[in-house]
Amino acid sequence: MAGTGVFEEIIDGDVYKYYSEGEWRKSSSGKSVAIINPTTRKTHYKVQACTQVEVNKVMEVAKTAQKAWAKTPLWKRAELLHKAAALLKEHREPIAECLVKEIAKPAKDAVIEVVRSGDLISYTAEEGVRLLGEGKFLVSDSFPGNERTKYCLTSKIPLGVVLAIPPFNYPVNLAVSKIAPALIAGNSLVLKPPTQGAVAALHMVHCFHLAGFPKGLISCVTGKGSEIGDFLTMHPGVNCISFTGGDTGIAISKKAGMVPLQMELGGKDACIVLEDADLDLVAANIVKGGFSYSGQRCTAVKVVLVMELVADSLVEKVNAKLAKLTVGPPEDDCDITPVVTESSANFIEGLVMDAKEKGATFCQEYQREGNLIWPLLLDHVRPDMRIAWEEPFGPVLPVIRINSIEEGIHHCNASNFGLQGCVFTRDIVKAIMISDAMETGTVQINSAPARGPDHFPFQGLKDSGIGSQGITNSINMMTKVKSTVINLPSPSYTMG
Ligand code: G3H
């Protein structure tokens, strides 16, 4: 159970502690932040409201700890990461319980998130050992005008202190996807978890604590964004920011200054369906891609662009599948669970009502109880409706009927987002040409968008983000290149 057994030391009364200098601490603010259970809409957990002074301390110790960590052998860093991965998997049940209560993630998916995170950490340790174990050796005579008088040795070195800010929908997985590459590369790490999801993240951090990482190398501060948000992202002690979330990321990028940024800021992933597509496959992918975790994924299918000729048939197939989805509490492992906050539910409702006023066809009756919204397919959506462009982050999916491939590509590219997209067709040549034309970081052919497997590159174009993620890209992003050049007094050519 959360906060018990090995996790007893991370809680004080009913308030979870924050993690600094290798210890679990109470904030001097004496204040806490409530975490509302999306299902009951009542306070379920409380976390410390950390102060700016506490953030300063965390940054100070992170800087010192990083210097020693950078001198820790690579195999040793990997060994500790493997330990943390094993501990995370061992304690998957209490961590998954937090995900169910804080973010209403269906029970089985919550366990999957934790296990996937353990695998991600282990893979990162392996990848880091190989990738960072190699550097480059260059010789000067390959550039015009030079003799072989210079040997250049390059290696990848850490950036320093990495600030990780994951989103509510994967508070564990999208935290470790930042923590593990940062650590294997020799950085220290400060985590600011989302408020909703903070307790799961604190449990995850405790697994790193139990694994025996050096004091101060990893810290986790909780609290109100209004108090410590900007203070963290603009802190002079931060050398890299890895952020996943909404358009707050754009504001962070404007304020961050000369700091490398890795950002994933959402998407409006289009699903283009051609006339020759396998419509059963498409329907299954639309339901999985659009409605799993109630549509609260950056990579969810967020608009279907289907050729008019097959639209009726596809809509019928999708509706038949939607009718089978279970709707209810995450504890019962329902397919559709309450969305994360009341304001999210209100936002989704606003998009639905706008579409209603403008004449969209409702394939199901719109139903809502508290934060729980029943799955809804909106047909005959037109570009003048907000839902054609905005990200609902809920179980509501618009269908736009198109008369040409160009129309579909045009709609996809007119979006300010560019995360992923997908195309369904049996014609691989057409699929590749459409993929090339879609201005998104990834295009899936004959499957719904998805970030995983976690070692695949993951990137957004336009407002969807900066830089590329995925294990290898994240390790590279969290390092910089250092060169040492050996200058010889006279040319020397290596002989066989
Ligand atoms: O919500 C944003 C995530 O990066 C999406 O990850 O495709 O594994 O659900 P996912």
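Bear in mind that the values in this text are calculations on the coordinates, not laboratory data. All values reported here derive from a predicted model rather than from experimental measurement. In this analysis, Cβ positions are derived from the backbone assuming ideal geometry, glycine residues included, and neighbour counts consider all displayed protein chains.
Subtracting the Cα-Cα distance of V115 and W75 from their residue separation scaled by 0.36 nm leaves 12.1 nm. For the chain, the antiparallel share of DSSP beta bridges with both residues in that region comes to about 45%.
Taking other residues whose beta carbon is less than 12 angstrom from the beta carbon of F417, and scoring Lys, Arg as +1 and Asp, Glu as -1, yields -4. When Rg and Dmax are taken over the Cα atoms of the stretch 397-446, they come to 10.5, 29 Å.
In the chain, inverting the average of 1/r over every pair of distinct C-alpha atoms gives 23.9 Å as the Kirkwood radius.
Subtracting the Cα-Cα distance of N413 and L325 from their residue separation scaled by 0.36 nm leaves 28.5 nm.
Loop-located trypsin sites (Lys or Arg not before Pro) in the stretch 357-429 (DSSP state not H, G, I, E or B) with no more than 10 neighbouring Cβ atoms inside 10 Å do not occur. When Rg and the Kirkwood Rh are both derived from Cα coordinates, the Rg/Rh ratio for the stretch 25-110 amounts to 1.09.
Between 0 and 90 degrees, the angle of helix 74-90 with respect to the longest Cα principal axis of the chain falls at about 40 degrees.
Shown here: the stretch 270-445, whose C-alpha atoms stretch 46, 30, 29 Å along the first, second and third principal axes, sorted largest to smallest. Relative contact order of the chain, taken over Cα pairs closer than 8 Å and 6 or more residues apart, is 18 percent. Within the shell defined by Cβ-Cβ distances under 14 Å, the residues around H44 carry a net charge of +1, with Lys and Arg each +1 and Asp and Glu each -1. Neighbours of G135 by Cβ distance under 13 Å: Lys/Arg scored +1, Asp/Glu scored -1, total +4.
Please report the relative contact order for the stretch 270-445, taking Cα pairs under 8 Å with a sequence separation of at least 6, and give it as a percent rounded to a whole number. Could you put the intermediate results ahead of the total?
Details: 332 pairs, mean separation 48.9, N = 176.
It comes to 28 percent, rounded to a whole number.
Given G160, V100, G145, which one lies farthest toward the positive end of the charge dipole of the stretch 89-164, if we put +1 on the Cβ of every Lys and Arg and -1 on the Cβ of every Asp and Glu? The Cα lying farthest towards the positive end belongs to G145. With q set to 0.24, 0.27, 0.28 Å⁻¹, the log10 of I(q)/I(0) for the stretch 321-373, from the Debye formula over equal scatterers at the Cα positions, is -1.02, -1.12, -1.14. Computed from Cα atoms, the angle from the helix 107-132 axis to the main principal axis of the chain rounds to 30 degrees.
Taking every DSSP helix (H) stretch of at least 4 residues in the chain, weighting each as -39,500 (n - 2.57) and dividing the sum by the residue count yields a mean residue ellipticity at 222 nm of -12000 deg cm²/dmol. Using Cα-only point scatterers and the Debye equation, what is log10 of I(q)/I(0) for the stretch 398-488 at each q in 0.20, 0.25 Å⁻¹, rounded to two decimals? Once normalised to I(0) and log-transformed, intensities are -1.00, -1.31. In this simple spin-label approximation, E9 and K288 carry label points 7 Å from Cα along the Cα→Cβ vector, and these lie 4.2 nm apart.
Sort 63-76, 234-247, 26-39 for me by packing, meaning the mean count of neighbouring Cβ atoms within 10 Å per residue, highest on top.
Numbers: 63-76: 14.9, 234-247: 19.6, 26-39: 17.9.
Answer by packing, highest mean first, reads 234-247, 26-39, 63-76.
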